[in-house]
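K.L.:
Quick one: this structure, given as structure tokens, is what I'll be asking you about.
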Amino acid sequence: MNARRMRGVYVVEFAVIGLLLFILLFAVLEMGRLFFTVNALNETVRRGARLAAVCDISEPRILRRAIYNAANDAGASSLIGGLDTADLSLTYLNENGAAVASPSDLSGAAGFRAIRYVRLQLQGFTFNLLIPVLGTGITLPLFQSILPRESLGRHAEAGVVPEITPC
């Protein structure tokens with residue numbers, strides 16, 4: 001065989017094998033990004049439910065802190081692209097697991113006193129792929145965390161009027 005004629009074959013072989021190698025490399029990178037995003041979203045709902053269980057129910061910074069933003073930083077998450085506080089659903093539940101109708105009502109038995117659990121949900125989050133050939137995105141399943149209520153921002157001591165604790 002003539003070595004001069006074989007040079008073209010090596011280029012074609014490299015083009016085919018190189019393409020497959022780069023597709024595999026980018027697929028591994030995308031799977032790593034997907035696993036990171038799933039774990040970060042799972043931690044987001046756990047963190048938000050924990051904050052909601054210990055902070056005052058009227059505190060607007062709970063969801064901002066849950067998505068890894070500073071307390072005064074409104075807008076999309078600084079860690080997870082495309083995640084905003086509007087994507088999260090915070091619900092206060094009674095002992096049967098039903099939503100409390102008016103959790104900010106401090107005097108009624110169907111209000112603040114009925115809260116036993118805190119639920120934070122994230123549903124319909126779309127993970128956008130960086131490789132345009134594989135599709136536009138993947139809709140991730142429901143992320144949910146339910147925790148028992150704790151202080152809800154109130155600290156009552158004997159003979160002292162309960163005080164709201166900022167988060």
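K.L.:
Give me the extension gain from Ala99 to Ala86: residue separation times 0.36 nm, minus the current Cα-Cα distance, reported in nm with one decimal. Before the final figure, lay out the partial values.
P.N.:
Numbers: separation 13, 0.36 × 13 = 4.68 nm, distance 1.88 nm.
Result for the pair: 2.8 nm of gain on full extension.
K.L.:
First obtain the Kirkwood hydrodynamic radius of the chain from its Cα pairs, then insert it into the Stokes-Einstein equation at 20 °C and 1.002 mPa s, and state the resulting D in µm² per second as a whole number.
P.N.:
Working: Rh = 19.2 Å.
In µm²/s, the coefficient is 111.
K.L.:
A follow-up question, please. How do 116-127, 35-46 rank on mean C-beta neighbours within 10 Å, highest first? If you can, show how the numbers build up before the last one.
P.N.:
Working: 116-127: 17.8, 35-46: 16.3.
The packing order, highest mean first, is 116-127, 35-46.
K.L.:
Here's something else I'd like to know. Measure nothing fancy, just the Cα-based angle from helix 3-54's long axis to the longest principal axis of the chain, in degrees from 0 to 90, nearest 10.
P.N.:
0 degrees
K.L.:
Then there is this: Simple spin-label model, 7 Å along Cα-to-Cβ: Arg116 to Val38 in nm?
P.N.:
For the pair Arg116/Val38, the computed spacing is 3.3 nm.
K.L.:
Modelled label-to-label distance, Gln123 and Val16, 7 Å Cα→beta-carbon offset: nm?
P.N.:
4.9 nm
K.L.:
Highest mean first, what order results for 52-61, 17-26 on Cβ atoms within 10 Å? Kindly include the intermediate steps, with their values, before the conclusion.
P.N.:
Values: 52-61: 18.7, 17-26: 10.9.
Packing proxy ranking, top to bottom: 52-61, 17-26.
K.L.:
Net charge within 14 Å of Gly124 by Cβ-Cβ distance, Lys/Arg positive one each and Asp/Glu negative one each, not counting Gly124 itself?
P.N.:
On the way: positive: none; negative: Asp84, Asp87.
Summing Lys and Arg as +1 and Asp and Glu as -1 gives -2.
Quick note: the coordinates plus some simple rules give every number you see, no bench work behind them. Computed from a predicted structure; not experimentally measured. All Cβ positions, glycine included, derive from the backbone under ideal geometry; neighbour counts span all protein chains shown.
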